[in-house]
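As structure tokens, the structure follows; a few thoughts come after it.
The values are calculated or read from the model by the stated rules, or taken from the named source; none is laboratory data. Everything quoted here is computed from the prediction, not taken from an experiment. Cβ sites come from the backbone with ideal geometry, for glycine too, and all protein chains shown count toward neighbours.
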Amino acid sequence: MLLLPQGVALLSPPLTISVDSTPLRLVSTLRIFGLFLHSNGKHTTLITELSNAVQLTMYLIRRIANHHQYMREHDLRHLIQAFVCSRFVYSLPYPFFSYTEEDQVNCLSHQAYKSALSLPTSTSMDRLLSMGVHNSLTKLTEAHHTAQLLCLSRTQPGHALLSTLKLSPLLLLRISLFILARVSSFLGIDPLSNIVHPEHHPSRRAARASALWRKFGRRPDVAYVDAPHFANTQPTPSQSPTTPPDLSSPPPSVLPSLSRQKASLSRNPNPRYTTTR
């Protein structure tokens with residue numbers, strides 16, 4: 001792919017590209033996966049494809065919202081995020097848009113969310129933005145850029161790539177150390193469920209936390225620690241096993257979140273430390 005800068009006059013003689021002595025045909029529109037590029041620097045085809053996707057999603061929402069009464073607004077917003085926002089984030093963060101093209105993309109996003117919220121098409125954009133239910137193209141582009149940097153910052157090849165591009169990683173690279181055999185023999189880690197998303201499975205998370213509280217809550221040799229706070233330091237129990245905590249009622253941080261780890265510190269002569277979530 002070869003793009004000439006905008007405003008540059010046509011080359012004389014015309015540019016010719018060949019592979020194995022076979023000349024390649026010059027095209028005005030090029031598609032790379034879901035990204036359309038024009039030789040004139042505009043993005044008419046890309047915006048048209050996104051407009052068609054938005055119209056199909058709005059038609060789908062109108063059909064299922066009328067026939068399925070159990071569909072709520074947050075479910076419809078999830079459909080918009082799956083069918084519209086994902087398309088935006090997939091192809092829009094990379095090209096450079098003019099102010100007019102950016103406004104067209106934002107209008108498509110507004111139309112989709114108006115359909116999901118059952119708002120009339122004449123609703124003011126300022127009032128829609130004040131609700132805080134969606135983001136503009138600029139916000140989506142910034143979030144996608146940050147997510148890409150975070151993804152590359154977690155691996156050593158990603159750090160090397162960022163260094164080549166003269167970009168600073170957002171995270172320091174962790175160094176993994178092996179656990180000694182005599183230490184790992186005393187560790188028992190229960191299987192962790194992957195169906196405990198904080199937004200999609202709040203009831204399952206609360207039930208899991210209640211079950212752990214019934215099993216470990218009234219034991220004086222149990223300490224509660226917050227695992228994310230000890231990512232780069234040596235974990236320290238927030239409650240000493242020698243000082244029994246107040247177990248008359250479960251702590252408020254246990255029930256709503258399952259990110260709390262319970263480290264069972266046994267006092268037996270042959271202790272076995274168990275970590276469960």
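Some points to look at:
- Hits in the range 126-144 (condition: exposed (fewer than 13 other Cβ atoms within 10 Å of the Cβ) and either within 16 Å of Phe97 (Cβ to Cβ) or among the aliphatic types (A, V, I, L, M) (or both)): Met131, Thr138, Lys139
This table checks each residue for (1) loosely packed, with under 11 Cβ neighbours inside 10 Å; (2) assigned by TED's automatic domain parsing to the domain that holds Ile61; (3) among the aromatic types (Phe, Trp, Tyr); (4) touching a helix residue (DSSP H, G or I) at 6+ places or on another chain (Cβ under 8 Å).
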site	(1), (2), (3), (4)
Tyr90	no, yes, yes, no
Tyr94	no, yes, yes, no
Ser115	no, yes, no, yes
Ser118	no, yes, no, yes
Leu150	no, no, no, no
Ser153	no, no, no, yes
His159	no, no, no, yes
Pro169	no, no, no, yes
Phe186	no, no, yes, no
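- Among the residues of the range 101-128, those that are hydrophobic (A, V, I, L, M, F, W, C) and under 30 Å from Leu37 (Cβ atoms) comprise Val105, Cys107, Leu108, Ala112, Met125.
- Checked against the criterion of being surrounded by 14 or more Cβ atoms within 10 Å (Cβ to Cβ), modelled with pLDDT of 85 or more and more than 17 Å from Leu140 (Cβ to Cβ), the candidates Thr45, Thr57, Thr100 yield just one match: Thr45.
- Just one of (1) in contact with a strand residue (DSSP E or B) (Cβ under 7 Å, 6 or more places away or on another chain); (2) on the phi > 0 side of the Ramachandran plot; (3) not polar (S, T, N, Q) fails for Gly132. It is (1).
- For the range 35-79, the set of residues classified as touching a residue at least 40 places away in the same chain (Cβ under 8 Å), closer than 28 Å to Tyr99 by Cβ and assigned to a helix (DSSP H, G or I) consists of Leu46, Ile47, Leu50, Ser51, Val54, Thr57, Met58, Arg77, listed by residue number.
- The one condition from (1) surrounded by 14 or more Cβ atoms within 10 Å (Cβ to Cβ); (2) part of a helix (DSSP H, G or I) that Ala82 does not meet is (1).
- Residue check for Val196: surrounded by 14 or more Cβ atoms within 10 Å (Cβ to Cβ) and at pLDDT below 85: yes
- When we screen Arg219, Arg174, Arg208 for residues that are out of contact with any Cys (no Cβ under 7 Å at 6 or more places or on another chain), modelled with pLDDT of 50 or more, surrounded by 12 or more Cβ atoms within 10 Å (Cβ to Cβ) and not in a helix (DSSP H, G or I), the only hit is Arg219.
- Residues that are closer than 16 Å to Lys114 by Cα and basic (Lys, Arg) within the range 18-70 comprise Arg62, Arg63, listed in sequence order.
- The test for being free of Cβ contacts under 8 Å to residues at least 40 places away in the same chain and surrounded by 10 or more Cβ atoms within 10 Å (Cβ to Cβ) holds for Arg31.
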